[in-house]
Amino acid sequence: MVNSTPAFAPADPLGTNFRDAVQTAITDFLDARRAEVSAIGPELDLPLDLANVFTGGGKRIRPAFCYWGRVAAGGAPDDVESLVRAAASLDLLHVSALMHDDVMDASDTRRGVPAAHMQFEELHRQRGGRGNAEAFGRAGAILLGDLLLVWSEQMLANAGIPADRLTPSRPLIEAMRTEVTCGQFLDVIAQSAPATADLDEALVTANRVVEYKTNRYTVQRPLQFGAALGGADQDLMDQLAVFASPIGRAFQFRDDLLGIFGDEQLTGKPAGDDLREGKRTVLVAHALAQAPADQAAELDAMLGDAGLGLEQVERGRQIITASGAKEAVEQTIDEAFETAMAALAKARVTDEGRTALAALAEACVRRAY
């Protein structure tokens, strides 16, 4: 199939024009909410300001998979702006999840600035508030995350997508919300579980978290939702899932590597935060199973230690690298990418869609932030 997409370039599916369009859609939506929340009380100016801060930027991976899924299934959309608004609503959901995630992980920064709960905490201190500043910060971030979750639904509902396309596609978004929340809970359970030296057992646990917390949420459901808006039948939806699953997994595996080895100037998160947060990732599972017993014990003791210093983080990196875990995860990423590309080659999609999805897959696995 050959179609022409007028708004954005398939070879550059995350290009400036696309990201700017998503940003404009989100900014316009939040601006329209300001009068509504200001009428409730001037105290709500700060939450709305923070909503603008944390929705300003980001990779826009989820909106891109949604938009190009529509193109892959049905060609160029009749109303680009409506589709962009629908796609952008997924990033409101994403920022909601990030705010809650930062509270659960006690992360101090997000996207290079203090996390939402830290900014609410500082507000409490600046105004000489009563009670515990940290508790106030957590409460503010949770509530703002909840508000963005509500607004993500409102933005989608009012995006302008015809009801005959939006209504049958909604179950995919509903599944996405359920899956990511359940995936988050699986992650919390995994972090609190006793360590195991059984690699197979650890990989089963880590991969189950990745499937629901990352793949379904970041790649598969956004892609299928966009495709459903483009009129995809069940056969195409299944083909897209075969492509999406390895890419979604590889996206998380790259995230795991960046969480320990990444440049914090690019990631916007402190180096080694995954160690401090005790993330039981595939990378950590390989390291604990493959490192000598004394080094595995040393690494295990680091997991979840919020006070881990830079020297200890560097020691953790050395153990992980020497164990072969880093190399093993890189190989897994490469294999996942090849599997996804083979699936995409067989999928019944438009030429523009195939080009865009291949470029998105490359961006997911080769990124530096």
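The values are calculated or read from the model by the stated rules, or taken from the named source; none is laboratory data. Only a predicted model underlies this, so the values are computations on that prediction, with no experimental measurement involved. Because the Cβ atoms are built from the backbone with ideal geometry, glycine has one as well, and the counts that use them run over all protein chains shown.
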message: For a quick check of your reading: which helices (runs of 4 or more DSSP H) sit entirely within segment 205-268 and have at least 3 residues that are at pLDDT 95 or above, more than 14 Å from the chain's Cα centre (by Cα) and crowded, with 24+ Cβ neighbours inside 10 Å?
response: 221-229, 234-261
task: Tell me, yes or no, whether segment 312-319 has at least one residue that is within 30 Å of residue 234 (Cα to Cα) and aliphatic (A, V, I, L, M).
output: no
- line: Listed by range, helices (runs of 4 or more DSSP H) wholly within segment 274-369 having at least 1 residues that are charged (D, E, K, R) and touching a helix residue (DSSP H, G or I) at 6+ places or on another chain (Cβ under 9 Å) are 293-302, 310-323, 325-346, 351-366
Condition broken by residue 315, with the remaining ones in (1) surrounded by 15 or more Cβ atoms within 10 Å (Cβ to Cβ); (2) under 22 Å from residue 253 (Cβ atoms); (3) free of Cβ contacts under 8 Å to residues at least 24 places away in the same chain satisfied: (2)
query: Of the residues 128, 160, which single one is free of Cβ contacts under 8 Å to residues at least 12 places away in the same chain, part of a loop (DSSP other than H, G, I, E, B) and out of contact with any Lys or Arg (no Cβ under 6 Å at 6 or more places or on another chain)?
result: 128
task: Inspect all residues belonging to segment 176-184 and state whether any of them is within 20 Å of the chain's Cα centre (by Cα), crowded, with 19+ Cβ neighbours inside 10 Å, among the small types (Gly, Ala, Ser) and closer than 24 Å to residue 26 by Cα.
output: no
query: Among (1) more than 18 Å from residue 119 (Cβ to Cβ); (2) at pLDDT below 95, which single condition is residue 21 missing?
result: (2)
- prompt: Conditions: (1) touching a residue at least 60 places away in the same chain (Cβ under 8 Å); (2) crowded, with 18+ Cβ neighbours inside 10 Å; (3) within 20 Å of the chain's Cα centre (by Cα). Residue 143 meets all but one. Number of the miss?
  reply: (2)
- request: Report yes if residue 32 is farther than 30 Å from residue 133 by Cα and surrounded by fewer than 16 Cβ atoms within 10 Å (Cβ to Cβ), otherwise no.
  value: yes
message: Return the residues of segment 158-175 that are surrounded by 14 or more Cβ atoms within 10 Å (Cβ to Cβ), over 16 Å from residue 91 (Cβ atoms) and hydrophobic (A, V, I, L, M, F, W, C); say none if nothing qualifies.
response: 161, 166, 172, 175
Number of positions in segment 9-26 that are assigned to a loop (DSSP other than H, G, I, E, B) and out of contact with any helix residue (DSSP H, G or I) (no Cβ under 8 Å at 6 or more places or on another chain): 1
- request: Determine which member of the set 62, 70 is within 15 Å of the chain's Cα centre (by Cα), buried (at least 22 other Cβ atoms within 10 Å of the Cβ) and within 20 Å of residue 360 (Cβ to Cβ).
  value: 62
- prompt: Could we say that residue 37 is among the β-branched types (Val, Ile, Thr) and either at positive phi or touching a Pro at 6+ places or on another chain (Cβ under 7 Å) (or both) here?
  reply: no
- prompt: When the residues of segment 27-64 are filtered to those that are in a helix (DSSP H, G or I) and among the β-branched types (Val, Ile, Thr), which remaining residue is farthest from residue 143 (Cα to Cα)?
  reply: 61
- request: Within segment 140-152, identify whether any single residue is in contact with a Phe, Trp or Tyr (Cβ under 7 Å, 6 or more places away or on another chain) and more than 17 Å from residue 62 (Cα to Cα), and answer yes or no.
  value: yes
query: For segment 1-13, how many residues meet the condition of being at pLDDT 95 or above and out of contact with any Phe, Trp or Tyr (no Cβ under 9 Å at 6 or more places or on another chain)?
result: 1
